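One structure below.
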Amino acid sequence: MLIVHVHVQVKPECIEAFKMATEANAGASVQEPGIARFDVVQQSDDASRFVLVEVYRTAEAPAAHKATAHYAEWRDAVADMMAAPRTSVKYANLFPEDAGW
């Protein structure tokens, strides 16, 4: 498993549009065979900050995800909504060893 946290800060006036675009992307993403989970969380004390929690089954799955039409549509739709460039941090799953996904 590969877990990626994508940190996003959105312009305040774009929060609702970002949420709609990201919900559509997440819904399509969980249909991909290489994605075990795709969560979208919003920071409680700053509504302009989000984390996309992407859980991939294989090391190749992120590249396959980025090759999908729905990812390209999301990327292009939200590009001008960003208050700062998005960043990501990759994690390896340690426990549970088999998360049951």
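No lab work stands behind these numbers, since they all come straight from the coordinates. Note that the structure is a prediction, hence the values are computed from the model and not measured. Note that we place each Cβ from the backbone using ideal geometry, even for glycine, and neighbour counts take in every protein chain shown.
If you take every DSSP beta bridge whose two residues both sit in the chain, what share of them, in percent to the nearest 5, is antiparallel?
Details: 22 of 22 bridges.
That works out to approximately 100 percent antiparallel.
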query = Between Q31 and A69, how many nm apart are label points set 7 Å from Cα along the C-beta direction?
reply = 1.0
note = Note: D80 to D45 extended length (0.36 nm per residue) minus current alpha-carbon separation gives 10.3 nm
request  = Quick one: among V40, V53, V89, which has the greatest mean-square fluctuation in a GNM of the chain with alpha-carbon springs under 10 angstrom?
outcome  = V89
message = Given points 7 Å out from each Cα along the Cα-Cβ axis, report the V89 to A24 separation in nanometres with one decimal.
response = 3.1
key: Spatial separation of Cα centroids for the stretch 44-67 and the stretch 13-28, in angstrom   = 13
inquiry  = Test of understanding: in a Gaussian network model of the chain with alpha carbons linked when under 10 Å, which of E23, E13, E73 would top the mean-square fluctuation ranking?
reply    = E13
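For the chain, what's the relative contact order in percent, using C-alpha pairs closer than 8 Å and at least 6 residues apart? If you can, show how the numbers build up before the last one.
On the way: 159 pairs, mean separation 44.6, N = 101.
So the answer I get is 44 percent.
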ask   = What order do you get for L94, L2 when you list them from fewest to most C-beta neighbours inside 10 Å?
value = L94, L2
message = As a footprinting exposure proxy, order V41, V6, V78 by other Cβ within 10 Å, with the fewest listed first.
response = V41, V6, V78
Compactness of the chain as Cα Rg over 2.2 N^0.38 Å, two decimals = 1.07
query = Counting Lys and Arg as +1 and Asp and Glu as -1, each charge on the Cβ, what is the dipole of the stretch 2-92 about the Cα centre in debye, to the nearest 20?
reply = 280
